[in-house]
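Structure first, commentary second.
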Amino acid sequence: MNLQPPIRYVKSDFIETDTGNKVSRRATIAGPQNIILGGKTIISSSAIIRGDLRRTGPGHAVVISLGRYCLIGEGCIIRPPYKTYRGNFNYYPMKVGDFVHIGANTVVEAATIGNHVDIGKNCVIGKFTIIKDCARIDDNTIIPPNTVVPALSLFSGSPGQFVEDLPESTQEVVEAYTKGYYNRFQPIES
């Protein structure tokens, strides 16, 4: 039973896809042909997803893959990580799992974000970071590049460091939160 009030949005401000994704018309989705949304994902206003930053060369490449029930907060920037290898500058794909919440104004350049991950607001997730399943990143945390955040762990601070282990129930808690948020995200006619 859900006792929390609905989260209202103006229906004309969002595009809803066949798979239930709700994308703000005020979000910037660059290179949409290179982005996969798993379904029932909410992308808030002022969010920027850079699917146009991809490896050079021919062919179609998935740059950013978001799982089901992902919540992308207002003002987030999601862009693929990059590096120069043997003199060649290249972008690398980013995979985000299911039931992931990314708070407002967070910048993400991770290689992989697992399932059931909660990232706070105003965070910076450095290039090629790997965040394992059921991890949590506190608000205002800066995770340095190439960091591996273990499963069921809380990271906080600048630079982000391990704080404590999270309970086994983290998976259910994050899943319930993301599903509940999606279900409460209701349109009002304009």
For region 152-190: of the residues being surrounded by 15 or more Cβ atoms within 10 Å (Cβ to Cβ) and small (Gly, Ala, Ser), which is nearest to Asn115 (Cα to Cα)? Ser153
So Arg8 fits all but one of (1) of a type in the set (Lys, Arg); (2) closer than 24 Å to Val62 by Cβ; (3) open to solvent by 30 Å² or more (accessible area, probe 1.4 Å); what number is the exception? (2)
For region 167-181, state whether one or more residues are part of a strand (DSSP E or B), modelled with pLDDT of 95 or more and not basic (Lys, Arg). no
From the residues in region 71-90 that are open to solvent by 50 Å² or more (accessible area, probe 1.4 Å) and not in a loop (DSSP other than H, G, I, E, B), which one is farthest from Gln171 (Cα to Cα)? Asn88
Look through Val108, Val124, Val149 and report the one residue that is surrounded by 18 or more Cβ atoms within 10 Å (Cβ to Cβ), closer than 26 Å to Phe14 by Cβ and among the aliphatic types (A, V, I, L, M). Val108
So which pairs qualify, if the first residue must be in region 93-117 and assigned to a strand (DSSP E or B), the second must be crowded, with 22+ Cβ neighbours inside 10 Å and among the polar types (S, T, N, Q), the Cβ gap must be under 7 Å, and the two must be at least 6 apart or on different chains? His101/Thr178
Of the numbered conditions (1) under 26 Å from Ile142 (Cβ atoms); (2) within 11 Å of the chain's Cα centre (by Cα); (3) open to solvent by 40 Å² or more (accessible area, probe 1.4 Å), Arg68 satisfies every one except a single condition; which is it? (1)
Residues of region 18-36 that turn out to be open to solvent by less than 50 Å² (accessible area, probe 1.4 Å) and more than 15 Å from Ile49 (Cα to Cα), as a count: 1
Filtering region 44-58 down to residues that are touching a Ser or Thr at 6+ places or on another chain (Cβ under 6 Å) and free of Cβ contacts under 8 Å to residues at least 60 places away in the same chain, which residue is most open to solvent (accessible area, probe 1.4 Å)? Ile48
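The values are calculated or read from the model by the stated rules, or taken from the named source; none is laboratory data. None of the values given here were measured: they were computed from a predicted structure. Here the Cβ is made from the backbone with ideal geometry for all residues, glycine too, and neighbour counts use every protein chain on show. With ligands, DNA and RNA removed, areas are computed over all heavy atoms of the protein, side chains included. Shrake-Rupley method; radii C 1.70, N 1.55, O 1.52, S 1.80 Å.
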